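Read-outs throughout are calculated quantities, based only on the coordinates presented, and are distinct from any laboratory measurement. Note that this is a predicted model, so its numbers are computed, not measured. Using ideal geometry, Cβ is built from the backbone for each residue, glycine included, and neighbour counts are taken over all protein chains shown.
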Protein chains: 2
Amino acid sequence: MDNSISMAVIKRLPKYHRYLKELLDRDVKRISSKELSEIIGFTASQIRQDLNNFGGFGQQGYGYNVEDLYKEIGKILGLTKTYKTVIIGAGNLGQALANYTSFGSYGFELVGIFDKNPKIVGLEINGIEVTDVDLMKKFLENNDVDIAYICTNKTGAQFVADILVQAKVKAIWNFAPVDLKVSEDIRVENVHLIDDLLTLSYFLKEQGE
Amino acid sequence: MDNSISMAVIKRLPKYHRYLKELLDRDVKRISSKELSEIIGFTASQIRQDLNNFGGFGQQGYGYNVEDLYKEIGKILGLTKTYKTVIIGAGNLGQALANYTSFGSYGFELVGIFDKNPKIVGLEINGIEVTDVDLMKKFLENNDVDIAYICTNKTGAQFVADILVQAKVKAIWNFAPVDLKVSEDIRVENVHLIDDLLTLSYFLKEQGE
DNA sequence: ACGATATTGCCAAATATTTAACAAAAATGT
DNA sequence: ACATTTTTGTTAAATATTTGGCAATATCGT
């Protein structure tokens, strides 16, 4: 029996979480799959199906308790604990991510920033000093880092990834325009920004035809 | 008859484009779907199926000519023309995107940057002066802008989107953590960074169980 | 020049995902 | 208290996507 949850479902969970947070902030107490479907844009059937992968959180004739469901999805997403994160590559993007305070509010705690550029090493960004990337290996040995954000250029990304794998970092969030080769036991999420632009470009071309 | 290409296929096109560019740079002349499958990680069958949505670019017993295929996919993606783009919100992320030179090399030309913060308005980023967002509407009337990158906070995003829709901007690349409500004729790509982190978090939690 | 090999394009089968349908259970109104 | 309405959880049907199989055709080696 295959009890693993499909990727399609997993990728929708953050959106549920986001919308439930909004409802919670607006003091909405309960919501039906139908009502939720109208604001979130999935079908009611899909919402019920998705949630039932994890348990029966609703109640017939009533719907779902917003606060409970929000907390349940938080638990499913692993938001009950905090994660230590590092940024490698403190260029524009790395600095932008370092300054994103909202990640911290979800429990992603930034504990280190690394770069190889001597002009950037030593700078303080969001209260954290940028360290030379040559010292990263040692840092990872002394700190139990969960997630690394790779914000280097294409050339440096695989080199950095190899060190991260060796140091048993658990996940990589990769912004470099390259698909990293890593061992099975490390999870990678790629953000290929240019891919999104090309998708837009595809549709703009289509429109003109 | 439904002749529209599925989103699953469209989302893979940029990856084909990326890998073909790499092969081209390495002076590889021809490639079979089997060889490509080994480096790109899709099945050979899927690759052939994907490409055949747009035409028979290959040749039996030979495979695909790398340069031709690269160009064809570029054409499919609409990379034969240039697009005028603007950035709204010149915070850390907006500035990072403004400094991304690689977008330009794909034909996405940055023509304006807007912000509401008086401390930022007037700054020059990558050769472009940041303009007050109140002047954006007028700017859009005088310049045929194709794509707008929304890098504002959650609060400002919908307000900005409404102006963009009115000004007949064709596409929005939205980095604000909100799902924009826009008319049908404008294309939106969302980049919800936090969603990716939550996906990683989901899998980290799974690992521990 | 010709047989062996490689490889596409396409169709069909297998999987995966989404949507529809509905019985069962809870809530609501009178 | 009881009929009506709401809404879930779940099963089944419908769609969509991916993979496998193979005839047709080109290339390659001799």
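Within 10 Å of the Cβ of each residue in B:167-177, the mean number of Cβ atoms contributed by other protein chains is 2. Remark: label point of A:Thr101 defined 7 Å out from Cα along the Cα-Cβ vector; separations to the same position in other copies 3.4 nm, ascending. Peptide A:91-103 has a mean of 5 when you count, residue by residue, the C-beta atoms of other protein chains within 10 Å of its C-beta.
Computed on chain A, with alpha-carbon pairs under 8 angstrom and 6+ residues apart, the relative contact order is 13 percent. For A:Ser4, the label point sits 7 Å beyond Cα toward Cβ; its separations from the matching points on the remaining copies run 3.1 nm, from shortest to longest.
Taking amide H as placed 1.01 Å from N in the peptide plane, the amide H of A:Asn174 sits under 5 Å from that of A:Ile150, A:Glu189, A:Asn190, A:Val191, each at least 5 places away or on another chain. When the pairs B:Lys84/B:Lys119; A:Lys11/A:Lys170; A:Lys11/B:Lys71 are compared against a 28 Å limit on Cα-Cα distance, A:Lys11/B:Lys71 fall above it. Ranked from shortest, the separations from the 7 Å Cα-to-Cβ label point of B:Asp27 to its equivalents in the other copies are 7.2 nm.
In the protein assembly as shown, the DSSP beta bridges split such that about 20 percent are antiparallel, to the nearest 5. In the distance distribution for segment B:7-75, Cα-Cα pairs more than 20 Å apart total 15 percent.
Here the chain B residue lying nearest the rotation axis onto A, judged by its C-beta and given with the distance in whole angstrom, is B:Ala96, 2. Membrane-span-like helices in chain A, defined purely by DSSP H runs whose alpha carbon atoms cover 20 Å or more axially and whose average Kyte-Doolittle hydropathy reaches -0.5, are A:7-25, A:193-208.
When the alpha carbon gyration tensor of segment A:83-195 is reduced to an equivalent ellipsoid, the three semi-axes, largest first, read 18, 16, 15 Å. Projected onto their three principal axes, the Cα atoms of chain B cover extents of 63, 51, 41 Å, largest first. Partner shielding of B:143-156 amounts to 1, given as the average count of beta-carbon atoms from other chains within 10 Å of each residue beta-carbon.
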